[in-house]
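S.K.: For reference, the structure I am asking about is given below.
The values are calculated or read from the model by the stated rules, or taken from the named source; none is laboratory data. If you're wondering where the values come from, they're calculated on a predicted model, not measured in any experiment. Positions of Cβ are backbone-derived with ideal geometry, glycine not excepted, and every protein chain shown enters the neighbour counts.
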Amino acid sequence: MASQQFRLPDLGEGLTEGEILRWLVNVGDSVRLNQPIVEVETVKAAVEVPSPLAGVVTEILVSAGAIVPVGAPLVRIDVEISDPAEGRGGGSDAVPGSQPAPVLVGYGPPAVAARRRRSAPTGRAKQSEAVAREPQPLAPPPVRKLARDLGVHLETLRGSGPGGVISREDVARAAEAAGAAQSPEAAPEVRSPVAERLPLRGVRRAMSMAVTTSAFTAPHASVCLAVDVTASMRLRERLAGLSDFAGLPVSPLLLVAKALLVAARRHPLINSSWDEAAQEIVVHPAVNLGIAVATARGLVVPNVKDAGALPLAGLARALGDLTDAAREGRTTPAAMTGGTITITNVGVFGVDGGTPILNPGEAAILALGQVRQMPWVVDGGLAVRDVVQLTLAFDHRIVDGRLAGEFLADVSAMLTEPAMLTAWS
Amino acid sequence: MPASPVSRVAATGDLRIVGQAGSEALVQLLTPEGERVDHPDYVVDAPAERLQSLYRDMVLARRVDEEGTALQRQGQLGLWASLRGQEAAQVGSARALMADDMAFPTYREHAVVLCRGVDAVQIMAIFRGLTHGGWDPHRFGLAPYSIVIGSQALHAVGYALGVQRDAARARGPARPAGQTTGSPVAVAYFGDGAASQGEVNEAFVWAGVYNAPVVFFCQNNQWAISQPAERQTRVPLYRRADGFGFPGVRVDGNDVLAVLAVTLSALQRARDGGGPTLIEAFTYRIGAHTTADDATRYRSLAEVETWKLKDPLERVKAFLHRKQLADPAFFEQVGAESDALAARLRRKCLGMADPPALAMFDHVYAGEHPPLRRQRAHLAAYLDSSPDPGEVPR
């Protein structure tokens, strides 16, 4: 028996990565040669990858949902070597998919492939454009590579070779000199600015796809309203002093969430989804309240299941737990699915408002701006009040301006006069 | 295992071909259910051995194709173009060729390569990026794979015109052009997508006007990558031949017997000085265009399932079974042979050495000349200056 790894091959032409859709085998399973073991999706196609090895799966090295670069080990298989010719290469990783020499069309070690891709539209493209216009330092490709590896800029060198051609020795000397000059006081290296290319992975990728889907399937419209929440702010202070809320976050978000839940009961259609296949509107029986949370990894939108059934303290605890989990990266997939309406608190970023994009599948999303003191007309005179701007974006296939306006006005009324919360609860 | 796993016996004698190409309907001799049907123009009496060997070639071709796809998915090939579904069109047409005929294939004609006697390992070498050609075109009567869409149709016509002129010169100037009895024929393979290319239409013009001994073998597999055949033509493809002045015929491309009969007839016509024929083999590409394509994005699963019912192998198998022309041992033996071929291909493929970088100069020109020598010396010097000799294979 010999343990061998199978690495993700380039499944298309010149691809750099693939997403593991699902595993078709488990640890402990016996696999035949060419038995499909994993489904992988690339930018070109979703394909079943057949095992290049016959044996027993001992380890699955990447889980479903992961996006892995070409060349990344996928699975470890204990192989029975019956034919000595098959086992040629011997070493545990000397297996198909881990070839050292990139002789295949569009195939190469991951770092090389990735670098080629990233640099093509940026630095190197510019460089080759410039070649035509101004004289470039002369150096054969191996020397250019050496310079790149050592971080030496050929533009700064004068070649010692015939016709000013830069030699390996020139580069090595320059690298040595640069190393000597690299004392702590040395001026920072000046590099020509090159655009940074960020890989689209994980949360950032999910967000990009979600907003794109939503923005180009649901026709968005929005209504907004500035609201005097002075009374709510006073209520908030009183609630925070109650023993029921001891240790719980009593935020403006909590009161807005409560007002939204009460208003949603008065206007059930706001809590619904568009079923494209059935050409029907699905009105949800319960509100699973999504909260958009900014995390270090990007935006996530977990939701509180059946939030309308929770007492206010329970809602406060649920919202607190949800945001804590999201910021610590502990949000479960279950918490991310099944949302029916969402609140996004853009006020925490110090802005007054914005027009949010719907969480895919939902009919409405409420953006809450920062609460701040503003001049406000009260009983015909100017007063200083706590004011917040609310924006409701909605799927115009389901919700029209009238419903959106009435819904937002109700939310606003409960925040301006908290007694309405009780009246409508 | 012999170097040529597939027999390359051109069909003669035991098939009786009557009539000419040009009939309106789809020529079919074996239905998808495996029933023999008669056709007024193509009366065929095929003995069991011939049917068995056609079936065997199709099984081997399919197995090679499966292994090619698997090897690509495992990172051993850069790309693979699957022939699945087109075995009958390729085997039937290639088995009609004589040894000195010349075929000009696209990159999907793996079964043609097998039937011409080339070791399938050579196909792997191409898709592994180790060779630009793969085999000696003259030895096997098979030009290199053409990646450029449709260019090979012009190559085939050029070759056919050469054959025609060689024959005319051999006979002396008094003979009228076009009389090339007994001389080789060129076959241009291409697809429905290539039928829209200028090269193919130019090839039609030249072949028609000069009465070239060429057969245009179009595998209409219904999809030009993601474009359906109805986006290539308003009339059935075979009827385009009318406009160029030679006959066209549509044959059931999944019926190996009908393809063989129709191709034999067209080849004979060309040998007899009758000029070109366009054969449209009506078939289906069961797989994606290549391993870098996702066919589910542009065609329905129902369509694929419909065509799977017309499988080219199953109908021959059903016929052999029903007529008791082959026993279970035969099918077992063919299966075992195909598995052995696949295992050998895999072993050879994984063991193939990278070609030395300097080999790229070897086949660009027929002979050496000073600029070529200079370039070779330049590259050799460059390789010597490489910081990491392991980077570039010597």
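S.K.: Yes or no: residue B:337 at pLDDT below 95 and not in a loop (DSSP other than H, G, I, E, B)? Talk me through it step by step, then tell me what you get.
M.R.: On the way: at pLDDT below 95: no; not in a loop (DSSP other than H, G, I, E, B): yes.
Judged against the criteria, residue B:337 is not a match.
S.K.: Among the residues of segment A:62-77, write down those that are among the β-branched types (Val, Ile, Thr) and assigned to a strand (DSSP E or B). Explain how you work it out, then say what you get.
M.R.: Narrowing segment A:62-77 to residues among the β-branched types (Val, Ile, Thr): A:62, A:67-68, A:70, A:75, A:77.
Correct list: A:67, A:68, A:75, A:77.
S.K.: So which of A:420, A:414, A:374 is over 33 Å from the mean Cα position of the chain (by Cα) and surrounded by 22 or more Cβ atoms within 10 Å (Cβ to Cβ)? Outline the logic, then answer.
M.R.: Values: A:420 fails: surrounded by 22 or more Cβ atoms within 10 Å (Cβ to Cβ); A:374 fails: surrounded by 22 or more Cβ atoms within 10 Å (Cβ to Cβ).
None of the other options fit; the residue is A:414.
S.K.: Does any residue of segment A:9-22 turn out to be farther than 25 Å from residue B:347 by Cα, of a type in the set (A, V, I, L, M, F, W, C) and surrounded by fewer than 19 Cβ atoms within 10 Å (Cβ to Cβ)?
M.R.: Checking segment A:9-22: at least one residue is farther than 25 Å from residue B:347 by Cα, of a type in the set (A, V, I, L, M, F, W, C) and surrounded by fewer than 19 Cβ atoms within 10 Å (Cβ to Cβ).
S.K.: Among the residues of segment B:119-152 satisfying the criterion of being within 14 Å of chain A (Cβ to nearest Cβ) and aromatic (Phe, Trp, Tyr), which is surrounded by the most Cβ atoms within 10 Å (Cβ to Cβ)?
M.R.: Top of the filtered list is B:127.
S.K.: Would you confirm, using the coordinates I've provided, whether residue B:53 is among the hydroxyl-bearing types (Ser, Thr, Tyr) and either closer than 19 Å to residue B:96 by Cβ or away from every other protein chain (no Cβ under 14 Å) (or both)? Don't jump to the end; show me each part of the working.
M.R.: Numbers: among the hydroxyl-bearing types (Ser, Thr, Tyr): yes; either closer than 19 Å to residue B:96 by Cβ or away from every other protein chain (no Cβ under 14 Å) (or both): yes.
Considered against the rule, which asks whether it is among the hydroxyl-bearing types (Ser, Thr, Tyr) and either closer than 19 Å to residue B:96 by Cβ or away from every other protein chain (no Cβ under 14 Å) (or both), residue B:53 comes out as yes.
S.K.: Quick check: is even one residue across segment B:269-287 more than 22 Å from residue B:96 (Cα to Cα), surrounded by fewer than 16 Cβ atoms within 10 Å (Cβ to Cβ) and not basic (Lys, Arg)?
M.R.: So far as segment B:269-287 goes, no, none of its residues is more than 22 Å from residue B:96 (Cα to Cα), surrounded by fewer than 16 Cβ atoms within 10 Å (Cβ to Cβ) and not basic (Lys, Arg).
S.K.: Next question. Taking only segment A:19-72 into account, find how many residues are under 25 Å from residue A:2 (Cβ atoms) and in contact with a helix residue (DSSP H, G or I) (Cβ under 6 Å, 6 or more places away or on another chain).
M.R.: Number satisfying all stated conditions: 5.
S.K.: Does segment A:355-363 include one or more residues that are out of contact with any Gly (no Cβ under 9 Å at 6 or more places or on another chain), of a type in the set (Val, Ile, Thr), without any contact (Cβ under 8 Å) to a residue 12 or more places away in the chain and over 23 Å from residue A:308 (Cα atoms)?
M.R.: Within segment A:355-363, none of the residues are out of contact with any Gly (no Cβ under 9 Å at 6 or more places or on another chain), of a type in the set (Val, Ile, Thr), without any contact (Cβ under 8 Å) to a residue 12 or more places away in the chain and over 23 Å from residue A:308 (Cα atoms).
S.K.: For segment A:314-334, which residues satisfy the criterion of being assigned to a helix (DSSP H, G or I) and of a type outside the set (A, V, I, L, M)?
M.R.: Initially, segment A:314-334 is screened for residues assigned to a helix (DSSP H, G or I), giving A:314-327, A:333-334.
The answer is A:314, A:317, A:320, A:321, A:323, A:324, A:327, A:333.
S.K.: Sticking with this one: Which one is farthest from residue A:236 (Cα to Cα), of the residues in segment A:383-425 that are in a helix (DSSP H, G or I) and without any contact (Cβ under 8 Å) to a residue 40 or more places away in the chain?
M.R.: Checked segment A:383-425; the qualifying residue farthest from residue A:236 (Cα to Cα) is A:402.
S.K.: When the residues of segment A:45-61 are filtered to those that are more than 7 Å from chain B (Cβ to nearest Cβ) and in a loop (DSSP other than H, G, I, E, B), which remaining residue is surrounded by the fewest Cβ atoms within 10 Å (Cβ to Cβ)?
M.R.: First, the residues of segment A:45-61 that are more than 7 Å from chain B (Cβ to nearest Cβ): A:48, A:51, A:53-61.
Filter once more, so that each one left must be in a loop (DSSP other than H, G, I, E, B): A:51, A:53-54, A:61.
Working: A:51: 25, A:53: 27, A:54: 17, A:61: 15.
So the residue we want is A:61.
S.K.: OK, next. Among A:372, A:297, A:330, which is at pLDDT 90 or above and either among the basic types (Lys, Arg) or more than 20 Å from residue A:407 (Cβ to Cβ) (or both)? Don't jump to the end; show me each part of the working.
M.R.: Details: A:297 fails: at pLDDT 90 or above; A:330 fails: at pLDDT 90 or above.
Of the residues listed, the single one that is at pLDDT 90 or above and either among the basic types (Lys, Arg) or more than 20 Å from residue A:407 (Cβ to Cβ) (or both) is A:372.
S.K.: Say whether the condition of being under 30 Å from residue B:36 (Cβ atoms), in a helix (DSSP H, G or I) and among the hydrophobic types (A, V, I, L, M, F, W, C) is met by at least one residue in segment B:363-379. Explain how you work it out, then say what you get.
M.R.: Restricting attention to segment B:363-379, the residues satisfying the condition of being under 30 Å from residue B:36 (Cβ atoms) are none.
No, segment B:363-379 contains no residue that is under 30 Å from residue B:36 (Cβ atoms), in a helix (DSSP H, G or I) and among the hydrophobic types (A, V, I, L, M, F, W, C).
S.K.: Can you find a residue in segment B:229-241 that is of a type in the set (Ser, Thr, Tyr), in contact with an Asp or Glu (Cβ under 7 Å, 6 or more places away or on another chain) and at pLDDT 95 or above?
M.R.: Taking segment B:229-241 first, the residues of a type in the set (Ser, Thr, Tyr) are B:233, B:238.
Right, trim to in contact with an Asp or Glu (Cβ under 7 Å, 6 or more places away or on another chain) and you get B:238.
Applying the additional criterion that residues be at pLDDT 95 or above yields B:238.
Among the residues of segment B:229-241, at least one is of a type in the set (Ser, Thr, Tyr), in contact with an Asp or Glu (Cβ under 7 Å, 6 or more places away or on another chain) and at pLDDT 95 or above, which makes the answer yes.
S.K.: Further, regarding this structure: If I go through segment B:56-103 residue by residue, how many of them are small (Gly, Ala, Ser), under 27 Å from residue B:250 (Cβ atoms) and surrounded by fewer than 24 Cβ atoms within 10 Å (Cβ to Cβ)?
M.R.: Filtering segment B:56-103 for residues small (Gly, Ala, Ser) gives B:61, B:68, B:70, B:75, B:78, B:81-82, B:85, B:88-89, B:92-94, B:96, B:99, B:103.
Then keep just the ones that are under 27 Å from residue B:250 (Cβ atoms); that gives B:61, B:81-82, B:85, B:88-89, B:92-94, B:96, B:103.
Okay, now just the ones that are also surrounded by fewer than 24 Cβ atoms within 10 Å (Cβ to Cβ), so B:82.
Residues meeting the conditions: 1.
S.K.: For segment B:69-100, name all the residues that are part of a loop (DSSP other than H, G, I, E, B) and within 8 Å of chain A (Cβ to nearest Cβ).
M.R.: Restricting attention to segment B:69-100, the residues satisfying the condition of being part of a loop (DSSP other than H, G, I, E, B) are B:74-86, B:95-100.
Selection gives B:74, B:75, B:76, B:77, B:78, B:79.
S.K.: Determine whether segment B:376-390 contains at least one residue that is modelled with pLDDT under 85 and more than 11 Å from chain A (Cβ to nearest Cβ).
M.R.: No, that holds for no residue.
S.K.: Based on what the data block shows, is residue A:364 closer than 17 Å to residue A:286 by Cα and either in the same structural domain as residue A:214 (by TED's automatic domain parsing) or not small (Gly, Ala, Ser) (or both)? Give the steps one after another, and end with the answer.
M.R.: Details: closer than 17 Å to residue A:286 by Cα: yes; either in the same structural domain as residue A:214 (by TED's automatic domain parsing) or not small (Gly, Ala, Ser) (or both): yes.
Yes; evaluated as a whole, the condition is true for this residue.
S.K.: Now a separate question. Taking the options B:366, B:336, B:302, B:318, name whichever one is farther than 30 Å from residue B:149 by Cβ and loosely packed, with under 12 Cβ neighbours inside 10 Å.
M.R.: Values: B:366 fails: farther than 30 Å from residue B:149 by Cβ; B:302 fails: farther than 30 Å from residue B:149 by Cβ; B:318 fails: loosely packed, with under 12 Cβ neighbours inside 10 Å.
Answer to the selection: B:336.
S.K.: For segment A:335-354, give me the residue count where each residue is part of a loop (DSSP other than H, G, I, E, B) and closer than 21 Å to residue A:307 by Cβ. Before you say what the answer is, go through the steps one by one.
M.R.: From segment A:335-354, those part of a loop (DSSP other than H, G, I, E, B) are A:337-340, A:350-354; that's our starting set.
Filter once more, so that each one left must be closer than 21 Å to residue A:307 by Cβ: A:337-340.
Residues flagged as part of a loop (DSSP other than H, G, I, E, B) and closer than 21 Å to residue A:307 by Cβ within segment A:335-354 amount to 4.
S.K.: Just checking, how many residues over segment A:374-404 are among the polar types (S, T, N, Q) and farther than 19 Å from residue A:268 by Cα?
M.R.: Going through segment A:374-404 one residue at a time, the tally reaches 1.
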